[in-house]
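The values are calculated or read from the model by the stated rules, or taken from the named source; none is laboratory data. Keep in mind that this is a model prediction, so the values were computed, not measured. Here the Cβ positions follow ideal geometry from the backbone for every residue, glycine too, while neighbour counts run over all protein chains shown.
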Amino acid sequence: MASPTPEQEPKLPDPSREPKPGHTTFRDELGSEMVDLLVGPENELFRVHKKLSTENVARFPEDDPAAFDLLIKWIYSTSKRHIRDLDAVQIEGEEGHTEASWDAINFYSLAEKCCLPELQDTTMNVLARYHRMADELPSPSFVCRAYARTSAGLSLSRYCTKSIYWVLDEGINNGWPTEEVQKLFQDHPTFSMDYINLQRTKSACDPRKSDRCSFHVHGSKEPFPGISPRKRKSGDGAGQNVSKRQ
């Protein structure tokens, strides 16, 4: 039998090489200097890497520390597509009643303030998913806070307006007293204008069943940043049956 030529000889594996000690990509990228962030009226302390801030000490007296905590976790996360889910937690002293585990309005407001549209969109995904899971929709007080804390015309205010429109169109009374809804129209002229324009141009529908991009900053016909349109799943699970309240 003829001996194999050098070209025909199988390539043998090389031995592994040990990495050089002291390879600290994360630390090299962010550095070791820290800055103090004082959040809320009580100046609750957060420390972050200086490369994430332009100040040595920064104060955020009007912001919610809980929302800020969630923002810092998101900033350091390896995945910018996800934030902690909203869960229904038992209200102390009120058996059978639950509330969201964190404040979506305060967090959305902080994302808007920091000019993070992708985080605003992610927040809307989480909020709509929670409302489907808990079979809830924005109350009049929720809508009041949303319009007071965020800019008019953004996705959160649109979601709130469509929710109230659908609730009234369906004749759902429990949880949306006439007096509170009337006060909502009186105290927030921008909401009143949005509601009238919506009523004149669109049919009422449950906003929880809308495509998830309907309430995104990037618009319903544009792909979510960083996600191929072929990989998007219409509605993000929003087609679940939702029981109608009486």
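Brief remarks on what is shown
- Checking each residue in segment 151-183 for being in contact (Cβ under 8 Å) with a residue 12 or more places away in the chain, in a helix (DSSP H, G or I) and either more than 23 Å from Lys209 (Cβ to Cβ) or not assigned by TED's automatic domain parsing to the domain that holds Leu127 (or both) picks out Glu180, Lys183.
- Annotation note: Cβ proximity below 8 Å between a residue of segment 87-116 that is of a type in the set (Val, Ile, Thr) and a residue that is part of a loop (DSSP other than H, G, I, E, B) and surrounded by fewer than 13 Cβ atoms within 10 Å (Cβ to Cβ) (sequence gap 6+ or interchain) occurs for Ile91/His97; Thr98/Ile91.
- Of all residues in segment 155-164, none are in contact with a Lys or Arg (Cβ under 6 Å, 6 or more places away or on another chain) and either over 20 Å from Val217 (Cβ atoms) or surrounded by fewer than 18 Cβ atoms within 10 Å (Cβ to Cβ) (or both).
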